[in-house]
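> The following block contains the structure, expressed as structure tokens.
What follows is calculated from the coordinates using simple rules that are stated; it is not laboratory data. None of the values given here were measured: they were computed from a predicted structure. Here the Cβ is made from the backbone with ideal geometry for all residues, glycine too, and neighbour counts use every protein chain on show.
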Amino acid sequence: MTDALLTLNAGSSSLKFAVFDPHTLACLGRGGVEALGGDARLQFRPAKGEAFSDRLGRGDGDAPLAALTGALDTLGKALPGLAVRAVGHRIVHGGAELAAPVRIDDAVYAALAKLEPLAPLHQPHNLAGVRAARALFPQAAQVACFDTAFHRGHDFVADAYGLPREMYDAGLRRYGFHGLSYEYVSGRLREIAPEIAGGRVIIAHLGNGASMCALRDGRSVATTMGFSTLDGLPMGTRPGQLDPGALLYLMSASGYDAAALSELLYHRSGLKGLSGVSNDWREIEAAGTPHARDAIAYFVHRLVHEIGGLTADLGGLDALVFTGGIGEHSVSLRAAVAARLGWLGLALDESANAAAQTRISAPPSRLAAFVVPTDEERQIAEHTAKTAFA
Ligand code: ADP
């Protein structure tokens with residue numbers, strides 16, 4: 001039997017996973033399941049050998065859990081000879097207290113379940129993944145890795161809202177998310193340009209979800225997402241920054257209740273709502289309609305605006321790093337943002353940008369710019385190995 005470390009990112013209808021050698025942290029393969037609870041299909045790309053996919057079909061009973069269990073069971077059978085020693089879970093919310101990865105025992109599980117109301121669209125699915133993995137791999141250490149943890153330790157002013165103080169004390173504060181991505185990218189930047197990684201850096205994680213983080217010497221000092229994953233930048237289907245008065249208006253004048261607001265804010269807004277085309281950046285760029293162009297212009301405007309605020313938080317800026325599906329792949333988005341940052345001293349190297357090279361700023365640029373692909377699974381694997389085998 002070969003030892004294996006499994007990373008799991010369990011969502012409402014999809015599961016992403018990767019398999020690592022727990023000793024060397026070499027990646028043995030990655031995969032995912034789409035349409036969990038429906039006509040689910042498992043895809044796996046081993047590092048060596050042929051990719052395969054397997055139709056899982058519909059699970060019974062507690063739908064997400066049964067579907068997850070089925071998916072993991074299939075994966076276990078597809079990888080004969082692997083003994084899963086540790087499972088690292090991506091958990092969206094660690095609350096105000098959990099600032100580092102932790103082994104999941106019954107007490108930790110109960111504490112994480114209590115945080116479900118803070119992230120109702122993610123945390124319950126993350127925890128269904130924990131239950132499924134505990135049942136299927138009872139001998140393996142289960143480790144929780146949090147999207148919020150990287151942002152713990154902010155100054156009070158970076159986490160507070162202007163609400164009554166007792167609400168902050170009761171947990172109504174900015175938590176920030178995408179922490180595993182920021183941690184990974186910041187670690188890579190330290191390898192790529194150590195002198196810059198020790199300075200003032202903004203990382204823009206631009207995928208379906210989008211946020212930015214201001215870092216000083218590799219530590220988060222501010223971030224654009226807040227109490228929930230709705231705040232900050234516009235995203236695929238979420239609006240980003242919004243006046244709460246608009247929500248009061250929708251409730252009093254248009255009869256929206258919590259469920260209708262949630263559907264509006266999580267599923268019908270952002271790039272999809274503005275463009276009327278899609279939540280997918282490539283489709284919006286390809287559409288080229290006036291509303292699609294407006295959606296792109298708004299995204300760029302909000303990015304530049306938030307970069308200005310985060311730069312003020314940092315007292316200046318040494319580097320801007322693009323990551324996430326849009327940040328890593330959209331040449332035109334990076335060019336549009338860079339064109340608005342001349343005042344910060346950014347001079348883009350057009351051909352380096354077009355080729356998505358690691359450093360995309362021209363040599364005389366006062367502000368350095370980079371493209372650094374993120375790898376949240378690897379970050380989870382590193383945390384899990386350290387936490388499980390320490
Ligand atoms: P998630 O947040 O779900 O992990 P990703 O980080 O994969 O999402 O980002 C998805 C986004 O990246 C989509 O809007 C998609 O259109 C965009 N994207 C992916 N590939 C490209 C590409 N080659 N050019 C432009 N945008 C891309």
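> Residue 169 to residue 14: extension gain in nm, 0.36 nm per residue of separation minus the Cα-Cα distance?
Numbers: separation 155, 0.36 × 155 = 55.80 nm, distance 3.43 nm.
Full extension of this stretch gives 52.4 nm more.
> What is the gain in length, in nm to one decimal, between residue 282 and residue 251 on full extension, counting 0.36 nm per residue of separation less the C-alpha to C-alpha distance?
Working: separation 31, 0.36 × 31 = 11.16 nm, distance 3.38 nm.
That works out to 7.8 nm of additional length.
> At a Förster distance of 51 Å, what's the computed FRET efficiency of residue 291 paired with residue 106, Cβ-Cβ distance as r, to 0.05? Don't skip to the end; give the middle numbers.
On the way: r = 51 Å, r/R0 = 1.00.
The calculated FRET efficiency here is 0.50.
> Given points 7 Å out from each Cα along the Cα-Cβ axis, report the residue 1 to residue 73 separation in nanometres with one decimal.
Here the modelled spin labels are 1.9 nm apart.
> Note the count of lysine pairs whose C-alpha atoms are less than 25 angstrom apart in the chain, limited to pairs 8 or more residues apart or on different chains. If you can, show how the numbers build up before the last one.
On the way: 16/48; 16/77; 16/114; 16/272; 16/386; 48/77.
Taking the Cα cut-off of 25 Å, the pair count is 6.
> Could you please state, rounded to a whole Å, how far the C-alpha centre of segment 339-361 is from the C-alpha centre of segment 168-197?
22 Å
> Shifting gears a bit: Using the beta-carbon distance between residue 114 and residue 135 and R0 = 30 Å, what value does 1/(1 + (r/R0)^6) give for FRET efficiency, to the nearest 0.05? List each step's numbers first, then the result.
Numbers: r = 21 Å, r/R0 = 0.71.
That pair, residue 114 with residue 135, gives E of 0.90.
> Can you give me the three principal axis dimensions of the chain from its C-alpha atoms, in Å, biggest first?
58, 54, 44
> What's the extension gain from residue 267 to residue 160 if we count 0.36 nm per residue and subtract their Cα-Cα distance? Intermediate results must be reported in sequence, preceding the final value.
Numbers: separation 107, 0.36 × 107 = 38.52 nm, distance 2.66 nm.
Using 0.36 nm per residue and subtracting the Cα-Cα distance, I get 35.9 nm.
> What does the charge dipole of the chain about its Cα centre add up to, to the nearest 20 debye, if the Cβ of each Lys and Arg holds +1 and the Cβ of each Asp and Glu holds -1?
Details: 35 positive and 40 negative charges, 74 e Å.
Computed about the Cα centre, the dipole is about 360 debye.
> Also, quick follow-up: Any idea how far apart residue 216 and residue 390 come out in nm if each label point goes 7 Å out from Cα toward Cβ?
2.6 nm
> Then there's this: Mind listing the phi-derived Karplus ³J(HN,Hα) values for segment 47-56, rounded to whole Hz, using 6.51, -1.76 and 1.60 with θ = phi - 60°, and x for any glycine or proline?
Per-residue couplings from phi come out as 4, 10, x, 7, 5, 9, 9, 9, 7, 9 Hz.
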